[in-house]
Amino acid sequence: MAPEERGVFHCKNGESMNFKKFAEEKFGIAFPKNIVFEEKKEGIRAFAKTLMPIGIKGKRGILVYANRPTDAFARTFGELATKNTVHLDEAEAKALLQNIKIKNRKKLQSGEYFITFFKNHPIAVVFCDGGFLIPAKSGKKFLPTNEIAEK
Amino acid sequence: MKILGEGQEIKEKLGRGLCPHAAKQVPPNFSEGSGGTEALTCLVRVASPHAPAVCLFNVFFAFSSMEYQKYKEWLMVFGREDMNEMLKEIKPSIRVNEIKITVDRFMEFSELKLERTFFDNAFFVLDEGIKVGNTIEYFLGYMHTQSLSSMLPPIILWPKENEKVYDVCAAPGSKTTQMSAMMKNKGIIYANDVRIERISALISNINRLGVLNTVVTQRNGAKLLRPDYFDRVLVDAPCSNLGSDPYAYIKWNLKYSIKLSYLQKRILLFSFDSLKPGGTLVYSTCTYTKEENEEVVAYLLEKRENAKLVGIDIPYDIPHENGLSEYGNEFRRVWRVYPWHLKSEGFFIAKMVKV
């Protein structure tokens, strides 16, 4: 397996899915070539390829997936997203940053993840659960579906 | 130049009238070597010469005052006695995280009132009553709260893209993330710290600021990681914080500095050994005592013949004092940055190379 393909997580139905592929297909993100992924106990980490040969135990790069895509993922790679993005007003953005769920004003598709933007700056990943957009740090964990894999 | 520490010297200084207030507070028979009881007995007499049954409240404050005066006197050796008062008035500063955003774009986005500083990507925050850590800019990782003087050690180390850098005492990660931005998120940074509670802050900052070229390790800095391996090493050693914490003097005493000095020497020695020949090491602390600064560097120069103290050369005109020359003329090359230099914390910085 190529180094960048190493970050694998489990979907809702128990099947495994590659995070890079998930992010590329869900959000249309084309990752830079020097970014690699790694599966660890706490989730999936993304880091620069230069860290690959290191044989020392430690946490490399940032955590991009921990039961769901993280805010660090959105804030680092969100600008590359071309799909499943939603722009928020200031009140909504501030609510999200305080881990408060916000109303699904734009009637986004339920069961999907979206990268939210404020003034064209990526701020967080939300999970659309019916009438609400739920932030990552709400404490609720939503495993992604593997519907893309099924396609 | 001597550091205050011996009781005799304190008395000498007080006798010269450097600090008349202190002279009133400290009894004539006070000495540093006095036990706590003896000192307290003296103070009871000072606080209330006509009433032996003086309340403990007064004794406590007289004692505190004495410690404080001793500290202030000691500070005068290095510059000004009001240094920790100045620390309380320092304006908060931020560094724009150029990994995520350019300075121009940040200025467009941010609603904070900012004032330019020596560095292109660092600003004083002029808004009063705003908690910088609660702003959107902070959450998004576009900026990091960092004192101006603490930005100096990475600038002096000047890591380049694709180099291997070792940040020995990295938490909470201000300098690590600054170096990562300087390296354009390329190369390798080993960000190490020994205490797990500090490492969680380091990891949190790395996540928030989008640092991808860093591996966080939890090791004792006073043990060798990899011999002759790193291009650059930053040792921002644990210290008594007299330059950064206006209340650090409360727990400070000379013994504390000496204890820290022992640890700093070990950390510096092993960090130097992990540096490859031709590599650069920067040693910094945010304190003023010579035991934690010049003495530590002198120890390395004595123990390692291939260690050479070099001058600090950066493209900024930073006001500073030179190091204490009692350790040799070469110590004129190290920097002592005091609060009035940058309206920021006090710092000691030395740059060395492995020849």
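Values in this text are rule-based calculations from the coordinates and carry no lab data. Note that the structure is predicted; figures quoted are calculated from it, not measured. In this analysis, Cβ positions are derived from the backbone assuming ideal geometry, glycine residues included, and neighbour counts consider all displayed protein chains.
Treat every Asp and Glu Cβ in segment B:198-355 as -1 and every Lys and Arg Cβ as +1, leave all other atoms uncharged, and give the resulting dipole magnitude about the Cα centre to the nearest 20 debye.
On the way: 22 positive and 17 negative charges, 110 e Å.
Using only the charged Cβ atoms, the result is roughly 520 debye.
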Subject >> Amide proton proximity set for B:Val233, modelled H, under 5 Å, gap of 5+ >> reply: B:Tyr166, B:Thr280, B:Leu281, B:Val282
Original post:
Hey, if you put +1 on the Cβ of every Lys and Arg and -1 on every Asp and Glu Cβ in segment A:3-80, which of A:Ile44, A:Ala30, A:Pro69 ends up farthest toward the positive end of that dipole?
Top reply: A:Ile44
Original post:
Considering every residue in A:60-73, what mean count of other chain Cβ atoms within 10 Å of its Cβ is obtained?
Top reply: 3
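Give me a single rounded figure for B:132-142: the average over its residues of other chain Cβ atoms within 10 Å of their Cβ. Intermediate results must be reported in sequence, preceding the final value.
Details: counts 0, 0, 3, 1, 8, 1, 1, 9, 11, 5, 2.
The per-residue average across the peptide is 4.
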Original post:
Between A:Glu42 and B:Val310, what is the spin-label point distance in nm, taking each point 7 Å from the Cα along the Cα→C-beta axis?
Top reply: 3.6 nm
**OP:** Give the long-range amide H neighbours of A:Thr70: residues separated by 5 or more places, or on another chain, with amide H under 5 Å away, using H modelled in the peptide plane at 1.01 Å from N.
**Re:** A:Tyr65
**OP:** Could you pull out every one of the aspartates and glutamates with an alpha carbon less than 15 Å from that of B:Lys164, ignoring same-chain neighbours closer than 8 positions?
**Re:** B:Asp228, B:Asp231, B:Asp273
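Calculate, for A:Gln98 and B:Asp127, the FRET efficiency according to 1/(1 + (r/R0)^6) with r their C-beta to C-beta distance and R0 25 Å; round to the nearest 0.05.
On the way: r = 20 Å, r/R0 = 0.79.
So, using R0 = 25 Å, E works out to roughly 0.80.
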Original post:
Among B:125-131, A:45-51, B:317-323, how do they line up from the highest to the lowest mean number of other beta-carbon atoms within 10 Å?
Top reply: A:45-51, B:317-323, B:125-131
Original post:
Along segment B:81-95, what does the Karplus equation 6.51 cos²θ - 1.76 cosθ + 1.60 (θ = phi - 60°) give for ³J(HN,Hα), rounded to whole Hz, x for Gly and Pro?
Top reply: 6, 8, 4, 7, 5, 5, 4, 5, 9, 5, 6, x, 10, 10, 10
Original post:
When the Karplus curve 6.51 cos²θ - 1.76 cosθ + 1.60 is applied with θ = phi - 60°, which whole-Hz ³J(HN,Hα) does each residue of segment A:70-87 get, with x for Gly and Pro?
Top reply: 8, 5, 4, 4, 4, 6, 8, 10, x, 5, 8, 6, 10, 10, 6, 10, 9, 9
**OP:** For B:Val310, enumerate residues with amide H under 5 Å from its amide H, sequence gap 5+ or separate chain, H modeled in the peptide plane.
**Re:** B:Lys351, B:Met352, B:Val353
Original post:
Roughly how many nanometres apart are two label points built 7 Å out from the Cα toward the Cβ at B:Asn322 and B:Asn220?
Top reply: 3.9 nm
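In the structure displayed, which of B:Lys265/B:Lys354; A:Lys33/B:Lys184; A:Lys20/A:Lys49; B:Lys251/B:Lys308 lie more than 23 Å apart, Cα to Cα? Walk me through the numbers on the way to the answer.
Numbers: B:Lys265/B:Lys354 17 Å; A:Lys33/B:Lys184 15 Å; A:Lys20/A:Lys49 14 Å; B:Lys251/B:Lys308 34 Å.
From the list (B:Lys265/B:Lys354; A:Lys33/B:Lys184; A:Lys20/A:Lys49; B:Lys251/B:Lys308), the Cα-Cα distance tops 23 Å for B:Lys251/B:Lys308.
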